[in-house]
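To start, the structure itself, in structure tokens.
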Amino acid sequence: MKTPTLALVVCFSLVQAAGFAQTSAPTQIVVIKAGRLIDVRAGRVVENQGIVIEGERIKTVGPLAEVERNAPPSARVIDLSRATLLPGLADCHTHILLQGDITAADYDEQLLKESIPYRTIRATVAARIALLNGFTAMRDLETEGAMYADVDVKTAINRRVVPGPRMFVATRAFSATGMYPLQGYSWELRMPEGVQIVDGADNIRRAVREQVKYGADWIKFYADRRYFLKDGALHSWVNFTEDEMKAMVDEAHRLGRRVAAHAMGREGIEASLKVGVDSIEHGFGLDEEMMDRMVKQGTFWCPTIYVGVYVAEGRAAAGAPIWLTMRDMEAKAFSLAIRKGVKIAYGTDAGGYAWTENQAKEFAYMVRYGMTPLQAIQSATIVAADLLERPNDLGAIEAGKLADIIAVSGDPLKDITELERVRFVMKGGEVFRNEISR
């Protein structure tokens, strides 16, 4: 009898593997009993709902009695009948590679005394904290000198090496020569840079391609610096020429990437809008004219209110009292932006403050400054999903969407601070936190 050839062995092995795949255990069905469900799209609370989850996606949502009647006997049941459910939250402005930088010394110490591997380890902890606090998606807007470590964290999360949100990363971000820390050191020393330094339109196009090559989902740049008051308005110095900024945005859009601009003063905001950025970050100095342009162009705003409140006192004490004024200016700008209909996406700048602070604290400030609790929740769900270009996957508890679901004991539509006490977290059909179900 002849020995089987290698080709036959390989063929037999493939047939076996195919047969195993066909006979492997079916995907588990999960049924969630929802006492109260916030329909963020319709803006209402629906009671006694059932959510059927198959794999990582929601299969159906409907009256609990009907769902239970049609569910297979083998379905796993999660009883959240005493809770309020809502979609997983999205924070559209974070820095997982940063651990707070109230002062320049705080920032410099991290870049000078902490290795990128050490900072990446800490970033995995930050990602886990965010997920357990109910943030199932995050747009991370630069690594602050840690190169492409955000891509590595994203990959580790996607491969289930570490737990964390769905990451949309901007990698290194851009600024121009002499316009971003580290600064103030001897010219004889070669200091690390907090961003990728680029000058000139051609170099910028190449740098955009490089960041996309290494995994950037977004392109982020620093449009301005040197904030000052004049005639009651917040002004700034612009970091790039118009040709440079246009080259950056055009190249990013050509490669299918959206662009976020750090822009605080009027000049930085105006320059960013002129070249067609997709989101304005911080925007403390937004005025009525700039808001009208944002509405016309469909530009998103990530206000990052809490970080401004958090750092203002410390930066004022360190010699920059303008941060107190900027904090107060943003409160007024936020109220006006709501009335104007600016697309406001939830963003905290977590990492700009310590990760021991709950990112959900931003919600209370949004409500205090004029949003309804529902509008604040929408900013972190359906609006964020639009910003992230994932409206078919994220932002609502609806059939076909990813099963990213959180729950709280109380009613966040009556007390928005309930979102600081998330007790159940599911991402992609997998439960990561459950302190509430029976």
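No value in this document is a laboratory result; all are computed from the given coordinates. As the structure is a computational prediction, the values presented were derived from the model and not from experiment. A quick note on method: Cβ atoms are made from the backbone with ideal geometry, for glycine too, and the neighbour counts reach across all protein chains shown.
For the chain, the Cβ-based charge dipole about the Cα centre amounts to some 1340 debye (Lys, Arg positive; Asp, Glu negative; other atoms uncharged).
Between 0 and 90 degrees, rounded to the nearest ten: what's the tilt of helix 242-254 against the longest Cα principal axis of the chain? That works out to roughly 10 degrees.
Please report the relative contact order for the chain, taking Cα pairs under 8 Å with a sequence separation of at least 6, and give it as a percent rounded to a whole number.
18 percent
Across region 272-404, the relative contact order, built from alpha-carbon pairs under 8 Å that are at least six residues apart, equals 22 percent.
Scoring 298-308, 355-365, 178-188 by mean Cβ neighbours within 10 Å over their residues and listing the highest first yields 298-308, 355-365, 178-188.
Legend: calculated FRET efficiency, Ala320 to Arg69, from the Cβ-Cβ distance at R0 = 60 Å, rounded to 0.05, equals 0.45. For Lys343, Lys414, Lys427, the sequence from fewest to most other C-beta atoms within 10 Å is Lys414, Lys343, Lys427. Considering only Gly319, Leu286, Thr372, and ranking their Cα positions along the charge dipole of region 89-387 that arises from unit charges at the beta-carbon of Lys, Arg, Asp and Glu, the one farthest toward the positive end is Thr372. Counting neighbouring beta carbons within 10 Å and listing from fewest to most, the residues Asp231, Asp393 come out as Asp231, Asp393. Which part of region 149-183 falls in the paramagnetic zone of Leu132, meaning amide N under 12 Å from the point 7 Å along Cα-to-beta-carbon? Of the residues in region 149-183, 163-164 have backbone N under 12 Å from the label point off Leu132. Backbone N atoms of region 93-115 closer than 19 Å to the 7 Å Cα→Cβ label point of Leu182 belong to residues 97-115.
Simple point charges give the picture: +1 on the Cβ of Lys and Arg, -1 on the Cβ of Asp and Glu, and for region 356-438 a dipole about the Cα centre of about 200 debye. Report summary: the helix-based calculation at 222 nm, which adds -39500 (n - 2.57) for every DSSP H run with n ≥ 4 and divides by the residues of the chain, gives -11000 deg cm²/dmol. If you fit an axis through the alpha-carbon atoms of helix 288-297 and take the longest principal axis of the Cα set of the chain, what angle between them do you get, 0 to 90°, nearest 10? Computed tilt is about 40 degrees. Peptides 192-202, 264-274 ranked from most to least packed give 264-274, 192-202, packing being the mean of other C-beta atoms within 10 angstrom over each peptide's residues. Think of region 89-387 as having a plus end and a minus end, set by charges on the Cβ of Lys, Arg, Asp and Glu; of Leu182, His262, Asn358, Asn358 sits farthest toward the positive end of this dipole. Cα centroid separation, region 194-258 to region 349-392: 24 Å. Within the same chain, lysines fewer than 8 places from Lys401 are excluded, and of the rest, those with a Cα less than 20 Å from its Cα are Lys33, Lys59, Lys427. Its relative contact order, with pairs defined as Cα atoms under 8 Å and 6+ residues apart, puts region 165-216 at 45 percent. For Val67, neighbours were defined as the other residues whose beta-carbon sits under 11 Å from its Cβ, and their charges (Lys and Arg +1, Asp and Glu -1) total +1. Using only the alpha-carbon atoms, how far is helix 116-132 inclined from the longest principal axis of the chain? Give it as 0 to 90 degrees, nearest 10. Here the helix axis deviates by roughly 60 degrees.
Between Thr84, Thr381, Thr241, the GNM of the chain built on Cα springs shorter than 10 angstrom shows Thr241 fluctuating the most. What the Cα convex hull of region 31-91 gives, in volume per residue, is 94 Å³. Just to check, using Stokes-Einstein with a Kirkwood Rh over alpha carbon pairs, what's the diffusion coefficient of region 364-438 at 25 °C and 0.890 mPa s in µm²/s? For the chosen part, D equals 185 µm²/s.
Summing Cβ point charges (Lys, Arg +1; Asp, Glu -1) relative to the Cα centre of region 200-332 gives a dipole of roughly 380 debye. Taking +1 at the Cβ of each Lys and Arg and -1 at the Cβ of each Asp and Glu, which of Gly50, Ala173, Val151 sits farthest along the dipole of the chain towards its positive end, judged by Cα position relative to the Cα centre? Of Gly50, Ala173, Val151, it is Gly50. With a ≥ b ≥ c the root eigenvalues of the C-alpha gyration tensor of region 89-387, is it rounded (a/c under 1.5), prolate (a/b larger than b/c) or oblate? It comes out rounded by the Cα gyration axes.
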